[in-house]
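Engineer: Please find one structure pasted underneath; my questions will follow.
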C-alpha cells in the first residue's frame, strides 16, 4: 500500500533515534556517581549536584515544553538540545573541582530532562498516527530506547573498567553526534502535531490549570513523582553501594544493562496490559511491587539482592512511564501534551527527585546506604495512599474546556 511504506520508514528512523539518544545516556549516567566518588566528593556534595540539577530542570522544563509545542522548527529545538547536552556533560570528565562540575551538570540536566520527555511524547504522537496495524503502540517505539541504554551501559562498563571515565565521555560524544545525523534525516512530517490553532495559544498557567483541575491526573502525577525509581535517591547512591558490597564496575554496568533489556518485553505489552487491567490498578500494583523491592534490600542487604532488585526496576519504570504518557495524551488536548508532559514528567518528578536525594544524601553520610532503601519504601507507601484517594479516571476535557481557558486567560 502506498501509505504504509513511508510510515514504516519514519518509524524505523525514529526507532534508530531512540536507540541512539538513550544509548548516549547509557555511556555515562550509570558511572557519574562513581566518578564523583573517585574525585573525593562527599555524600552531601553528590546530593547537592543532583538537587541543583533538578532545580534547574524544574525551572526550565515547562518553558521548554511550551517552546517545543509552539516552535515552527521542532527539529532545530531537539538538535540544539543535543548540542548543549554534549558540550556540558562532555566537559565533566576533564574537571576536578566541585563548583565547575556542579555548573556543567546543572546545564546538562536543565536540557536533558525536558529533551527526553519531549522525545517520548513525540514518539506517542508518531505511534498514534501510524497506519500499520499491530505495531502502533508507544511501547513498540520506546523499547528501542531501552535496548540502546542496555547495550551502551554494558559496553560502557567494559570501557570504564579498562580505560576510565574519559573514554566513556568520548563514546558519549560520538553517539550524540550520530543522534543529530538521524534527526537531520527524519522527514518533517514527524514533527507535525495536528490540532487547533487556539490550543497552541494556551499559556503555561492554563496548561497547569488543566492538570490540577483533573483530580485523577493530578493525584496520580503526585503519586508517581515522589517515588520514581529512576530518579530517586536510591538510584543516585546504588552504584556506590554496589561497589562497597564488592561488585566491580562491569557488574554494575551489567545490572543497568539487564534492567534496560528487561524493559523490552514490558514495553511491547504494556499498552495492552494497561487497557485490559486499567491505569489505576496497574499503578497501584507497581507501588506495592516497589515497596517489596525496597524492603527486600533493607531486610537482606547483600550484593546479590541489590543486584537483583536493581534489575527489577525495569518492570516498575516501564509501567510508570507508559501509564504517565497514556494519561496525559488521553486526558489533555493534543497541542499541550509536550508542555504537560514536561510539567509532570520533568518538573513534578524533579521536585520528588530533589526531596528524595536530599534525604538520601543526609542518611548516606550519617547512617549508610542500607537505610536509603527504607526511605524509598516509605515514599512508595505515600504514593500508594495518593493513588487510592485519586478516585476513578474521568476524561472530561474537550475542545470547549480548552476554549474557556483561553477566554479566561484573555
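Engineer: Among the residues of segment 21-36, are any over 22 Å from the mean Cα position of the chain (by Cα), in a loop (DSSP other than H, G, I, E, B) and modelled with pLDDT of 85 or more?
Structural biologist: No: zero hits.
Engineer: Based on this model, can you work out whether residue 139 counts as assigned to a helix (DSSP H, G or I) and modelled with pLDDT of 80 or more?
Structural biologist: No: the conditions fail for residue 139.
Engineer: Quick test of your reading of the structure: residue 54 fulfils all but one of (1) within 15 Å of the chain's Cα centre (by Cα); (2) farther than 20 Å from residue 18 by Cα; (3) at pLDDT 90 or above. Name the failing condition by number.
Structural biologist: Every condition holds for residue 54 apart from (3).
Engineer: Still on this structure: How about segment 46-72: which of its residues are out of contact with any helix residue (DSSP H, G or I) (no Cβ under 6 Å at 6 or more places or on another chain) and free of Cβ contacts under 8 Å to residues at least 60 places away in the same chain?
Structural biologist: If the condition is that a residue be out of contact with any helix residue (DSSP H, G or I) (no Cβ under 6 Å at 6 or more places or on another chain) and free of Cβ contacts under 8 Å to residues at least 60 places away in the same chain, then 59, 67, 72 are the ones that fit.
Engineer: Scan 254, 247, 258 and give me the residue that is crowded, with 16+ Cβ neighbours inside 10 Å, at pLDDT below 85 and over 21 Å from residue 369 (Cα atoms).
Structural biologist: 258
Engineer: Okay, moving on. Of all residues in segment 76-121 being touching a helix residue (DSSP H, G or I) at 6+ places or on another chain (Cβ under 7 Å) and outside any helix (DSSP H, G or I), which is farthest from residue 54 (Cα to Cα)?
Structural biologist: 95
Engineer: Separate question: If you check every pair at least six apart or on different chains, which have Cβ atoms under 7 Å apart with a residue in segment 150-162 that is on the phi < 0 side of the Ramachandran plot and surrounded by fewer than 19 Cβ atoms within 10 Å (Cβ to Cβ) first and a residue that is at pLDDT 85 or above and in a helix (DSSP H, G or I) second?
Structural biologist: Every condition considered, the pairs that remain are 151/23.
Engineer: Residue 134 fails exactly one of the following numbered conditions: (1) at pLDDT 90 or above; (2) over 17 Å from the mean Cα position of the chain (by Cα). What is the number of that condition?
Structural biologist: The one condition residue 134 does not meet is (1).
Engineer: For the subset of segment 387-400 comprising residues that are more than 21 Å from the chain's Cα centre (by Cα) and surrounded by 13 or more Cβ atoms within 10 Å (Cβ to Cβ), which member is modelled with the highest pLDDT?
Structural biologist: 388
Engineer: I would also like to ask the following. Could you check segment 232-325 for helices (runs of 4 or more DSSP H) lying wholly inside it with 1 or more residues that are in contact (Cβ under 8 Å) with a residue 60 or more places away in the chain, closer than 22 Å to residue 344 by Cβ and touching a helix residue (DSSP H, G or I) at 6+ places or on another chain (Cβ under 9 Å)?
Structural biologist: Fully inside segment 232-325 and qualifying: 233-244, 249-277, 279-299.
Engineer: With the structure loaded, tell me whether residue 67 is surrounded by 15 or more Cβ atoms within 10 Å (Cβ to Cβ), more than 18 Å from the chain's Cα centre (by Cα) and either at positive phi or not in a loop (DSSP other than H, G, I, E, B) (or both) or whether it fails that test.
Structural biologist: So residue 67 passes the test.
Engineer: Output the number of the condition that residue 113 fails; it satisfies all remaining conditions of (1) closer than 27 Å to residue 363 by Cβ; (2) at pLDDT 85 or above; (3) buried (at least 21 other Cβ atoms within 10 Å of the Cβ).
Structural biologist: Result: residue 113 fails condition (2) only.
The values are calculated or read from the model by the stated rules, or taken from the named source; none is laboratory data. Every value quoted in this text rests on a predicted model; they were computed, and no experiment measured them. Cβ atoms come from the backbone with ideal geometry, glycine included; neighbour counts cover every protein chain shown.
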